[in-house]
1. Provide a single number: the residues in the range A:25-39 that are more than 7 Å from every other protein chain (Cβ to nearest Cβ) and not charged (D, E, K, R).
2. Go over the candidates A:Ala245, A:Ala189, A:Ala172 one by one and state the one that is farther than 30 Å from A:Leu65 by Cβ, within 11 Å of another protein chain (Cβ to nearest Cβ) and not β-branched (Val, Ile, Thr).
3. Going by what's in this entry, would B:Ile332 be described as crowded, with 19+ Cβ neighbours inside 10 Å, in contact with a Ser or Thr (Cβ under 8 Å, 6 or more places away or on another chain) and outside the structural domain of B:Asp185 (by TED's automatic domain parsing)?
4. Report those helices (runs of 4 or more DSSP H) wholly inside the range A:105-191 carrying at least 2 residues which are at pLDDT below 90 and farther than 30 Å from C:Met441 by Cα.
5. Would you tally the residues in the range A:89-126 being more than 23 Å from C:Arg33 (Cβ to Cβ), among the β-branched types (Val, Ile, Thr) and more than 8 Å from chain C (Cβ to nearest Cβ)?
6. Condition first: under 30 Å from B:Asp176 (Cα atoms), in contact (Cβ under 8 Å) with a residue 24 or more places away in the chain and either part of a helix (DSSP H, G or I) or not aliphatic (A, V, I, L, M) (or both). Can you find one or more residues in the range C:224-246 that meet it?
7. Mind telling me which of the residues B:Asp145, B:Asp101, B:Asp158 ends up being surrounded by fewer than 15 Cβ atoms within 10 Å (Cβ to Cβ) and either within 30 Å of B:Gly228 (Cβ to Cβ) or touching a strand residue (DSSP E or B) at 6+ places or on another chain (Cβ under 8 Å) (or both)?
Amino acid sequence: MKRKGDGVAAFLFLLPLLFTLTIAFLYAFVRTVYFSFTDYNLFKITEFVGLRNYLSLFKEQFFVLGLIHSLVYAGIVTASQTFLALLLAIVANQKIRGLTFFRAAYYVPSIASSVAITTIFIWLVNRRGTVNWLLELLVQYWPLIVAALGITALAQALQVVWERRHGLPVRALDPVLLGISFLVGSVAAVILGRTGLIQPNSGVEVAIPWLTTRKTFLGIPLPLLSIMMLNIWTTTPTMMILFLAGLQDIPRELYEVADIDGASPWQKLRFVTVPALRPVMFLVITLGLIGTIQMFDQAAITAGIAPLESVITLAYYVYWAVFGAGTLPKVGMASAAALVLAALTLAVVLLQRKLGFSEKGWYS
Amino acid sequence: MRKFLVVFCLIAVAALGFAQETVTIRLAGYSADTPLMQDVLARFVNGVIPGVQVVWEPITEDYLAFVLRTLSAGTAPDILYIDLYWAKTVVETGLIQPLDDFIAASPIISREDLIPVLADAFTFDGKLYAISKDFNSLVVFYNKDMFDAMGVPYPNADDTWATFLDKIARVSNPPDWYGASINPDAARFLPFAFAAGMPFLKEDGTAPFDLPAAKMGADWYTAFNRAGIAATSADIGVGWSGAAFIAEKAAVCFEGGWLIPPIRNENPTLNFGATYLPSVWQGGPRGNYLFTVGYGMPVNPPSGRPDLVFKVIETLTSPEIQTYILESGHAIPSRQALLDSPFFQQQDPFALATKTVFEATGLPGTVPFSFGDVGGGNYMGAVNEALTLIMQGEATVEEAMNAAADNLDQKIGQ
Amino acid sequence: MSRRPKSPGELSVVYYRGRAYQVDARWLARRRRVRRAVVYLTLTALAVVMIVSLLYAFISSFRNDPLSWPPTLASPKLWPPNWVAAWRLGLQGGGNGWTGGWAPGRRLELSVVFSLPRDAPYPPLPRVQLLAPPYESGAPNPAPDTGVEVVFLAERVNGEAKELAYEIIFTHRGSIRYPLLPLAVIGPRGGRFVRATLAPDTVSTRISGVYLTWKNVVPGVIRYIFDHYVRAWTTYKGQGGRNLFPRWILNSFLVAVLRVVLTVIFTTMAGYALARLRFPGRNLLFFFIIYTMMVPGQVTYISNYLVVRDGVFGLSRLFGLKTFLNTFWALFLPGLVSTTATFMMKQFMESIPREIEEAARIDGANTFQIYTRVILPLSLPAIAAVSILTFQGSWNEFFWPMVVLTEAEKYTLPVGLNFFLHYYTSVTGSVWNVILAGTVMSILPVLIIYILFQRYFVEGFHLSGIKQ
C-alpha cells in the first residue's frame, strides 16, 4: 500500500510533532543525562563530576525519603484503589439504569484541578475539620454502632435459617438478606439510642493533625497517608466504572455453568470473574502505577503546610532540588533523580508490555 | 496630508525624546510591603528624582526562588530585596553588584552613615552587597489587661528566665487566654539558646544542639507548652503567635516590630506593652536575633543605568524617607542619624513598642539572623523538629536535642 | 443465579453449589428487587461521597468560619433577615442596597444590644474600633474620614439580666467613597451580646470585653452574601490596580483556547500521518510517542526550562524578548503537540474506512486534500473530544506553569489558587472562606463545560485507552 511521496507528506505532517519530540523530549532527555554528571547550578561554569551526584543522591535524606515515599505511595494507593474498585464493581454488577448519571458524578473530582481538590481536602482534614468531626462522631456513637452490627448479625442468622428451612438456596452472607438485616440493625440501634438504653461515649475529642505533624502510622508519615486517602477517594470510582464495564462483558452463561458445577462464590470470583477481568485489571493497575509513582501536585501543594520530610516524593524532589531548597539550584542532583524517575516509569511501561498488554491489547 | 505627516513626525520625535529621558526602574519586594512602598515611591521618588520612574512589583511567592530564577534568566528587577537570611546564597551567584564603588562616589551617603552591624551583615569578602532598608529584633509583647486581671506584675527588663516563667504561669487563664503563644520555631528559640551559652557550631564545626546550654535552653523554651500555660498558634486556631496575641488569646508572645502594624489595623485599642526578652539570670546574658532586609542591585541591571538605580536605593534609605517610614509605624530605620528621632519620645504604646524593639537590637548578645554555609533550612529544620517532638511529648529534651545534633551533622557532612 | 420466570407464581429452577432448587418465581423477583436496591444504594452512596464534599465546600464558602466546631451548614450569610439588614445599611451608608459602600456626607446608625447581670454596675459605653480593610483587598482605610459617636438608647430588664441598647452613629466627613467600613465593637466586660442591626461576623469574649466584628457594616445584599467571593475576586491589586483573580481566569482561558486550536491543528496532522501514511521509522516513532505519554514533566523540565529561559534558541528575539520565561509563550513549549492527543487522533483515524480515502484519491485528490476534505470532516467527534480534554488539561495544568511563571499577574488559575491557599493560610491566618470561594470559582468553568459536553469526555477517555 506504499505510494510515492508518502514519506515526504508524512514528514511535513509530522513536522510540528517531531519538533516538540526532538526539543522537549529527546534533547531534554539527553541534556538531563548530561547535567546529571555535572555540578551545574544555573549560574556557574559547569564542571564534570563523574558519578558524584549519583553517589551523594543516595546519601541525601530528602531523595531517599522521596524515593521511598513514591514507591510506598504507588504500591498502597494502586493496591487499595484496585481492590476497592473491584469490590464495589462486583456489588454494583447489575443492569443499571442511569449509569450515565453515576458515571458523571464519579468523574467530577477527576475533571477539577488537583490544586482545587487538594485545597478542599486540606480544609477537610484540618485539626478542627470535618474529617476529625466525623471520626469524633464515630467514636462517640461507637456503642450504638456495635449494637447495630450485632443486631444485623443476629437478624442475618435468623433470616438465613428461616430461608434454608424453606428449602431456599441462600448463603450465610447473602447480599439481599444482608441488606435487610442491616436495615433492621440500624433502625433498632436508632431506637435503642433514642430511648437511652445505650448511651453514646461522651467527652471524646478527636483532633488529629493530619498534615501538620511528623507522626507516622505503620511507618508511613501521617501527611502522606492523608494524601493517599485523597487519591484513593478521587480515583476509586473511576476505576470502578472500568471494572463494571469489564464485568458486564462477561457472559452470564459462565456463571450459570459454574453454579450448575457447584462452584462457591469464592470459586466463581477466582475462576470466572478474575480471569475475564485480566485485561481491565492490568489497565487499572498500570494506570494506577503510572499515575501514583509520579505524584507531584499534592506533594507540592501540601509541602508548605506539612513538614517536607513527610510529603516529599521523587517527582517533587526533582523540582525542590532546583527551586525549593533555599540554596543555589542543585541541577546535577535533580537531573540524576529525574533519571531515576524516568527509569521507574520505563520499568512500569516495559512490565506492562511484557505482560502482553501492548497498545493493541489495552488501548483499542 | 503632508501637514498631518509633519505633525505625526513631531509627535513621534517628542515621544521618543521623552522616552529616552525617563528610565524605568523595576523594584521587586515582598508583597506585604505594597501599601507602604507604593506610598513612599509616589511621595519621594517618582516625579522627585528627575528622569526616573520606579515601578513596584510585589512578589507573593518564595522570594529567594524568585531572585534565583530571574537572576538566572537575566530578567531580575533593577532593585532586589536581599534578606540577610539568604544573602550569602544570592551573592554566591556572582550576579549581585557590590555597592562599594557607588558609595565611594556618592556625595550623599557614606559607609559611616549605616549602622555598623547592619553594614557588616551584608559584607561578604570585604564588599558590601546591600544597603539595609530596615531591621527588627525580638521583644516580649504583653497584654496589660490580662496581667491586671490576674494581679500579676507586667514582664519587665529585669525578668529572668525563672521569674518570667513564673509570671506566665500565673497569668495563664485557659480557656479564656493562655499565658503565652509559643511555637516550635527555631527563629524564636535560638536567641535563648545562644544566651544560655550555646555556640552557633562547636569548635570542630559540628552541631551544638547536644551541648548542655542547648538542652537548658530547650528545656526552658518548651516548659511553657509542656506545663499547659502556653499554646501553639495552631492550637489556638490562628496562623502565627502574633495573631493569637492580637485576638487576645495569649497574654504574651515573642515577636518583632512587624507585629505593630497588624495590631494597629486589627485591634487598635489593645492595651499592650513590650519589653526585652528575659535574661538567663539576674543581670545575666540575653540573646536576640537581628533581622534585616536590604536593597541590592544585579550586575548589569536591565534598565542599563546602574548609577540611577543606586540613586534610587540611596534615596529610599535616606534619613528623610526613613523618618517617614518610622513614623508611619511600619519598620525601624537603618540610619545612624535616626537614633534621636523625636518619634521615640512619644508615649503611645505603638511608639513605645517600636522604641523597645529598636533598643533591643543594641543590647549585647544580638546576632544577625544568618546561617552562613550551614544553610538556614538545615539548621532551623533540625531545631524545629526537636522542639516539635518535645512540645508534643514524643521525646525528652535529651533525646530530641541529641537527635537534632545528629540530623544537622549528617547534613553538614554532605 | 437464575433464569427469569415466564410469569409470576410459576416455579423455576436455580442452581446453587451444584444442587438444583425449585423456588417460587415471586421469591426470585423479590430478591431481584432488593438486590437492585442494594446496588443503587451503593452507587448513590459513592456519588454522595464524590459530590457532597464539593457541595459542602461550596456551602461552606459562605460561612464566616468554615472551621467552626462542630461543623454546620448554617451561615448568617444565607439567612434572609440578614439580607434585609444588609440592604438597609447599604442604602444608608452608600445609597446602594445591592453593593453598599460608605459615601461622603452619609450618616449610618447601628444599634447593638448587650446584656449584663441585673445587679451589675453600669458599664462604660462600648468602644468602637474602626479597623483597616484587609490589606490584600486594596481598599482604602475609611478611619480618617469617619466620625463615631456612641449613645445609650434604652434599658430593659429581662429576668435576671438587663439588656442595654446602644446606638452607634457613624458620619462620613471626607470626600472619598469607600467600598468597605470594617469595624469592631467592644461591649461591657462580663456581658453578653444579644442582637444588632446586622448580625456581627464574629462574636468572642475577650479580656477587653464582648468583642464583635463586622468585616463590612455597609455591605448591601450582594456584597453581604457574596462577600467571600468578592474578596477572592478582588484579592491583591497587581500593577495598575488590576485584580489578580480575574487575570488568572483570563490567562487560563486564553492559554486553554490557544492550546486547543494548536492541538487540533497539529495532532490531526500528526495523527493522520501515523494512521495512514507509510514512512520509515514509523513503529519506532510510535513507541517513542507511547513512552513520552508516560514520562512525567519532571524528567525533562530542567532542559525545557533552560530552553525557554534562553528564548528557544534565540527565537524570542523575534518577539523582542530576551527570554520566554514568565511569558504566556513559555506555557506552550513542552506540550506544543500533545502526544496523548496525537495518539487519540491516530486511534480514531484508523477507524475511518479506507475506501472513502481511496475513492477520493481516484477522484484525483492529493494527500493534503484528502486530509482537509475527507479526514478532517470525518474526525469531528475525535476533534471535539480532544478539544474538550485539552481544554480541561490546560485549565488544570499545575507543574509547568509553576516552573516558568514568576509573577503573580502572569499566573494561571491552578498556580494562582496554590498561591491563594498559601497566602490565606499563612500570611493572614486561616481565611478558609475566601480560599473556598476561590476554589469554587476555579472549578466552575470546567464543571460547566463538563456538564455540557459530558459525552465528549467519555469519548475522550475511550480514545485515550480507558475503555468504558
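The values are calculated or read from the model by the stated rules, or taken from the named source; none is laboratory data. Given the structure is predicted, the values throughout are model-derived calculations rather than measurements. Here Cβ is always computed from backbone atoms with ideal geometry, including for glycine, and neighbour counts include all displayed protein chains.
1. Residues in the range A:25-39 being more than 7 Å from every other protein chain (Cβ to nearest Cβ) and not charged (D, E, K, R): 7 in total.
2. When all the criteria are applied, what remains is A:Ala245.
3. So B:Ile332 passes the test.
4. Correct list: A:142-165.
5. Adding up the residues that qualify gives 3.
6. yes
7. Going through B:Asp145, B:Asp101, B:Asp158 in turn, the sole match is B:Asp158.
Each row is one residue, and each column tells you yes or no for (1) under 30 Å from B:Ala76 (Cβ atoms); (2) modelled with pLDDT of 90 or more.
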residue	(1), (2)
C:Ser351	no, no
C:Arg354	no, no
C:Ala365	no, no
C:Leu376	no, yes
C:Gln392	no, no
C:Trp395	no, yes
C:Trp400	yes, yes
C:Glu407	yes, no
C:Thr412	yes, yes
